[in-house]
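The values are calculated or read from the model by the stated rules, or taken from the named source; none is laboratory data. Here the structure is a predicted model, which is why all the values come from computation and not from measurement. Backbone-built Cβ (ideal geometry, glycine too); neighbour counts: all protein chains shown.
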C-alpha cells in the first residue's frame with residue numbers, strides 16, 4: 001500500500017512521489033496521454049517543468065542535468081514514438097551512467113485492445129537504453145512504481161529507469177504518494193585487490209597506466225589519482241569521451257586516449273600494466289579492414305582496481321594510502337597558457353582564445369567533433385572547469401546537454417562547442433535556452449561538411465569520396481546560417497571569420513549573462 005491518504009489521482013501521486021524522492025526538474029515534450037501529468041505540475045508543487053521542442057532535446061537535457069547534479073531529472077514523453085525520438089540521447093546517457101527517470105504516457109488500459117495508430121511496444125523500445133522498465137497496471141501501484149524508478153535510477157553509478165503510465169491510471173482518483181527508498185551503496189573492492197594494485201604500481205613506475213573513468217576523473221577520486229601518480233610515477237589516462245571530467249589549473253592532468261586507433265596505441269606504447277578504475281579496456285570505435293579492434297599493447301597486462309558500479313573514489317583513496325602517497329597531488333606541470341591568437345580562424349586559434357578566456361567554474365559541453373581535437377592542450381591551463389563529452393558517440397547531444405547543465409548550475413557559465421552538422425540534430429535547444437534565459441554560450445564550428453565522415457570514408461577502405469559521396473558528406477549547399485537560426489529562436493548571435501574577431505566576441509560573451517551564439521567560420525581540417 002502507498003504511504004499516505006489515497007486522495008490524489010495517479011498523475012498527482014506520481015509527481016508527489018518524485019518530489020518526495022528529491023526530483024525537482026521535469027524536462028518534457030508531452031502529448032494527449034500525458035495531460036493529467038501536465039495538470040499535476042500545477043497542483044503538486046516542487047517539480048519545475050522545462051519544455052523542449054523535440055524529444056532529443058528533452059532526453060539530452062536530462063543527461064546534462066544528471067551529469068552536473070548526480071541526481072535524476074524526470075522526462076515526460078509521449079508514447080512509443082516520443083520515446084523513440086529521444087532514444088539517441090538516452091543512448092549517450094546510458095553510456096554516461098546518468099541517472100534519469102522517464103515517464104512515458106501510455107494509452108488507457110481499456111483502449112489497448114483497439115490497436116490505435118500510436119500503439120507500439122513501448123517496453124521494447126525502452127529496454128534498449130533502460131536498466132529498469134515497468135508499466136503500471138493498477139491505481140495503487142503507480143506511486144510505488146514511481147518510487148522504485150527513482151531508486152533504480154540512483155543505483156550506482158546511475159541508470160535509466162523508464163515507467164509507462166497509462167492515461168486512465170493518471171486520471172483515476174485513489175492514489176497516494178509513496179515514501180522514497182534509498183538506493184544501495186556501491187561496494188568497495190576487497191583489500192586483496194587494493195594490495196595487489198599497490199604492489200604493481202610501486203614497482204612499475206612509468207610503465208604503469210592508471211585508466212580512470214566516472215568518479216575517477218572528478219572530485220576526491222581525481223585528487224586520489226593525482227596522489228597515486230605523485231607517489232608511483234604512473235601515467236593517468238581516461239577514455240576518449242567522458243561524462244564529466246574536472247580539468248584546469250591546480251588539478252591533476254589526465255591524458256585522454258585518442259579517438260583514432262593508431263594514435264591510441266601509440267599513447268599506450270611501452271606500458272606494462274593497464275589498471276582500470278571505473279574504465280573498460282580501450283577498443284576502437286569501429287572495426288577497420290586489416291586492423292585490430294583491441295588497443296591495449298599485446299605485452300601489457302590489464303588489471304582491475306574497481307568496476308564502473310563499485311566505489312571508485314573509495315578504491316582510489318585506499319590505493320593512495322597503500323602506496324604512501326602524499327596528501328596532495330603534484331599539479332605543477334600544468335602551467336601552459338596559449339598566446340593571443342592572430343590571423344586565420346581555426347580550431348587552434350579558437351582553443352587559444354578559450355584557454356585565455358575560460359572563466360573559473362565554467363562547464364563545457366563538447367560536441368565539436370574533429371574541430372575539438374585541438375582544444376584539449378590549449379585549455380589545460382585554464383582556471384578549473386568541467387568538460388562534458390559525447391559518451392555514446394551519437395551526435396546531437398551537445399546543445400541539449402549544455403541546456404540541462406545550465407538548468408542544474410544556474411550560477412556557472414556553460415559553453416557549448418558544436419560542429420555545424422551535429423548542431424542541426426537538436427538545434428531546437430536554442431529555443432529552450434532563450435525561454436529559460438539560460439547562461440549558455442554556443443560556439444558553432446561552421447566548416448560546411450561532415451568532416452569526420454570525410455576522414456572515415458578513407459579509413460574504412462572506401463577510398464577518396466567521389467562526386468555522389470561528396471554530396472552526402474557536404475552540408476554547404478545551401479549554406480546554413482546559424483546567426484539567423486539563433487535569432488529566430490530568441491538567441492542573440494554573431495559571426496566571426498578571423499581569430500581577432502572571434503577573440504573579441506568570446507571576451508564580450510564571457511562578460512554577459514543569458515544565451516548567446518557565435519558562428520565561427522572555419523575551413524575543414526585536412527588530414528593525411
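Could you please let me know if residue 371 is crowded, with 24+ Cβ neighbours inside 10 Å and either farther than 25 Å from residue 485 by Cβ or at pLDDT 95 or above (or both)? Taking the combined requirement at face value, the residue does not satisfy it. In this structure, does residue 478 turn out to be surrounded by fewer than 20 Cβ atoms within 10 Å (Cβ to Cβ) and more than 29 Å from residue 52 (Cα to Cα)? No; evaluated as a whole, the condition is false for this residue.
Every test in (1) surrounded by 13 or more Cβ atoms within 10 Å (Cβ to Cβ); (2) in a loop (DSSP other than H, G, I, E, B) is passed by residue 286 save one, and that test is (1).
So which residues in region 374-400 are at positive phi and surrounded by 23 or more Cβ atoms within 10 Å (Cβ to Cβ)? Walk me through how you get there before you give the answer.
From region 374-400, those at positive phi are 393, 396; that's our starting set.
Scanning region 374-400 gives a single hit, 396.
Of 352, 320, which residue is over 21 Å from the mean Cα position of the chain (by Cα) and either modelled with pLDDT under 95 or farther than 29 Å from residue 204 by Cβ (or both)? Give the derivation first.
Values: 320 fails: either modelled with pLDDT under 95 or farther than 29 Å from residue 204 by Cβ (or both).
After ruling out the rest, the residue left standing is 352.
None of 466, 488, 476 is closer than 30 Å to residue 290 by Cβ and free of Cβ contacts under 8 Å to residues at least 40 places away in the same chain except 466. Within region 481-504, being more than 17 Å from residue 427 (Cα to Cα) and buried (at least 22 other Cβ atoms within 10 Å of the Cβ) holds for 496, 502, 503.
Within the group 501, 496, 462, which residue is over 17 Å from residue 369 (Cβ atoms) and touching a strand residue (DSSP E or B) at 6+ places or on another chain (Cβ under 6 Å)?
Details: 501 fails: touching a strand residue (DSSP E or B) at 6+ places or on another chain (Cβ under 6 Å); 462 fails: touching a strand residue (DSSP E or B) at 6+ places or on another chain (Cβ under 6 Å).
Within the list 501, 496, 462, the selection yields 496.
For residue 416, state whether it is in contact with a helix residue (DSSP H, G or I) (Cβ under 6 Å, 6 or more places away or on another chain) and at pLDDT below 90. Against the criterion (in contact with a helix residue (DSSP H, G or I) (Cβ under 6 Å, 6 or more places away or on another chain) and at pLDDT below 90), residue 416 does not qualify. Only one of the numbered conditions (1) surrounded by 15 or more Cβ atoms within 10 Å (Cβ to Cβ); (2) modelled with pLDDT of 95 or more is violated by residue 326, and that is (1).
For residue 201, the conditions (1) buried (at least 24 other Cβ atoms within 10 Å of the Cβ); (2) under 30 Å from the mean Cα position of the chain (by Cα) all hold with the exception of (2).
Scanning region 148-157 for residues that are more than 20 Å from the chain's Cα centre (by Cα) and surrounded by fewer than 23 Cβ atoms within 10 Å (Cβ to Cβ) returns 148, 151. Would a scan of region 422-435 turn up a residue that is within 22 Å of residue 286 (Cβ to Cβ), within 18 Å of the chain's Cα centre (by Cα) and in contact (Cβ under 8 Å) with a residue 24 or more places away in the chain? Looking through region 422-435, at least one residue is within 22 Å of residue 286 (Cβ to Cβ), within 18 Å of the chain's Cα centre (by Cα) and in contact (Cβ under 8 Å) with a residue 24 or more places away in the chain.
Looking at 230, 243, which is the one that is in a helix (DSSP H, G or I) and touching a residue at least 24 places away in the same chain (Cβ under 8 Å)? Before the answer, list the steps.
On the way: 243 fails: in a helix (DSSP H, G or I).
Sole residue among the options that is in a helix (DSSP H, G or I) and touching a residue at least 24 places away in the same chain (Cβ under 8 Å): 230.
The residues on offer are 458, 483, and the sole one that is at pLDDT below 90 and over 25 Å from the mean Cα position of the chain (by Cα) is 458. Out of all the residues in region 17-28, which are within 20 Å of the chain's Cα centre (by Cα) and outside any loop (DSSP other than H, G, I, E, B)? The answer is 25, 26, 27, 28.
Say we look at region 246-280 and pick out the residues that are part of a loop (DSSP other than H, G, I, E, B) and at positive phi; which of these is surrounded by the most Cβ atoms within 10 Å (Cβ to Cβ)?
Here is the first cut: in region 246-280, the residues part of a loop (DSSP other than H, G, I, E, B) are 248-254, 257-260, 268-272, 279-280.
Going one step further and asking which of them are at positive phi, we end up with 248, 250, 270.
Details: 248: 21, 250: 11, 270: 12.
The selected residue is 248.
A single member of 271, 249 is touching a strand residue (DSSP E or B) at 6+ places or on another chain (Cβ under 8 Å) and under 26 Å from residue 328 (Cα atoms), and it is 271. Restricted to region 180-198, and to residues there that are in contact with a helix residue (DSSP H, G or I) (Cβ under 6 Å, 6 or more places away or on another chain) and over 14 Å from residue 323 (Cα atoms), the residue that is surrounded by the most Cβ atoms within 10 Å (Cβ to Cβ) is 189.
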